[in-house]
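The values are calculated or read from the model by the stated rules, or taken from the named source; none is laboratory data. Everything numeric here is computed off the predicted structure, so don't read it as measured data. Virtual Cβ from ideal backbone geometry, glycine too; neighbours counted across all protein chains shown. Areas reflect the complete protein model, heavy atoms only, side chains present, ligands, DNA and RNA absent. Shrake-Rupley method; radii C 1.70, N 1.55, O 1.52, S 1.80 Å.
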Amino acid sequence: MSGTRHAEPAVTTPPASGPQQSDGRTVRRSPALRLLARPEVGVFLGAVAVYVFFLIAAPPVREGSAMANILYQSSTIGIMALPVALLMIGGEFDLSSGVAVITSALTASMLSYQLTMNVWVGVVVALAVSLGIGFLNGWMVVKTGLPSFLITLGTFLILQGVNLAVTKLVTTNVATDDISDMDGFGQAKKVFASSFHIGDVQVKITIVYWLVFAALATWVLLRTRYGNWIFAVGGNKESARAVGVPVTFTKISLFMLVGFGAWFVGMHQLFTFNTVQSGEGVGQELIYISAAVIGGCLLTGGAGSAIGPVFGAFMFGMVQQGIVYAGWNPDWFKAFLGVMLLGAVLINLWVSRTATRR
């Protein structure tokens, strides 16, 4: 009789049917909750609500020409709100973006007029100046470790003073001279400030630029390595640096992107009005930042989209022109913007908590 025993096959008890306990890490959210988690959903709903409100309160808004004007106002905000939003996703602010627009326009106008050059020379030099301002802001933020709020607040004050002082010194006035009769003006106007017709409605070219830039920014954020770098440095720059993300390059390039936006909007203003008021631009930086915040970009960085600020800028343009078309006192415009900003922040907070609730 052998002393060896054969092991009996192990019996595995099948898992019990019915609902299983979960530790929260594998919870599957419904499509509706996943949709609510998108940062641009809240502002889209807000934009629809504002649009419907003014359709009812201001009948002229229903006309095609009025909507074209609203979209034009939105585009002049939205073109700058896009790079500002990308910078915020990257975890930084730029309070100098409003006056930087005027700095760019003043540079191109005075250089071209005072030196009697082709206006394209002024345009190119203005681009270099705008990119240089962005580079300086980004370099100082990275090298000093100071908050970008403080760095760009200093830049804001410097540019505000330089804009006014240099303009008065060169032109003996607070505005630049008219450059509409200079060489190259017509070509530059076609690029930066032209319009075309869709039926009987005149459409400004900035609307097209705005939508193209928004599509490009969305592609960069969602489909490129650089987009991943932006989210990474905005979420935690030390962790991003540890995994090989070029933090210095990313942050400086984002500030330079804001400089590019300031240059583009500045050129549009110059070739639309032929002259520039040196004291303008103050306060516009808050409009750009507000459009980005309303669009779902977090003040702490690391979250947001390029589509959200498009709807945020549309809301601003809608309110700005809707008040006029409704025949209301335009002095209430800033009050409306404040209500919109607070409402958007609260809506985004509710959407975020609803989407992440288990």
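Across region 48-95, the number of residues qualifying as in a helix (DSSP H, G or I), over 19 Å from TRP328 (Cα atoms) and touching a residue at least 40 places away in the same chain (Cβ under 8 Å) comes to 21. Of all residue pairs spaced 6 or more apart or on separate chains, those with beta-carbon atoms under 6 Å, a first member in region 100-118 that is of a type in the set (A, V, I, L, M) and a second member that is open to solvent by less than 50 Å² (accessible area, probe 1.4 Å) and part of a loop (DSSP other than H, G, I, E, B) are VAL101/GLY281; ILE102/GLY281; ALA105/VAL276; LEU106/VAL276; MET110/THR176. Residue count for region 96-125, restricted to those that are crowded, with 22+ Cβ neighbours inside 10 Å, aliphatic (A, V, I, L, M) and not in a helix (DSSP H, G or I): 0.
Per the listing GLY317, GLY338, GLY302, GLY312, the residue uniquely out of contact with any Pro (no Cβ under 6 Å at 6 or more places or on another chain), part of a helix (DSSP H, G or I) and over 12 Å from ALA291 (Cβ atoms) is GLY338. Would region 145-160 turn up any residue that is part of a helix (DSSP H, G or I), of a type outside the set (Asp, Glu), surrounded by 16 or more Cβ atoms within 10 Å (Cβ to Cβ) and touching a strand residue (DSSP E or B) at 6+ places or on another chain (Cβ under 9 Å)? No, region 145-160 contains no residue that is part of a helix (DSSP H, G or I), of a type outside the set (Asp, Glu), surrounded by 16 or more Cβ atoms within 10 Å (Cβ to Cβ) and touching a strand residue (DSSP E or B) at 6+ places or on another chain (Cβ under 9 Å). Put simply, of VAL345, VAL293 the only residue that is at pLDDT below 90, more than 27 Å from ALA193 (Cβ to Cβ), open to solvent by 50 Å² or more (accessible area, probe 1.4 Å) and of a type in the set (Val, Ile, Thr) is VAL345. Selection of helices (runs of 4 or more DSSP H) fully inside region 165-265 by the criterion of at least 2 residues being surrounded by 14 or more Cβ atoms within 10 Å (Cβ to Cβ) and modelled with pLDDT of 90 or more returns 185-192, 205-223, 225-235. When you look at GLU280, is it of a type in the set (D, E, K, R) and either within 13 Å of the chain's Cα centre (by Cα) or in a helix (DSSP H, G or I) (or both), yes or no? Considered against the rule, which asks whether it is of a type in the set (D, E, K, R) and either within 13 Å of the chain's Cα centre (by Cα) or in a helix (DSSP H, G or I) (or both), GLU280 comes out as no.
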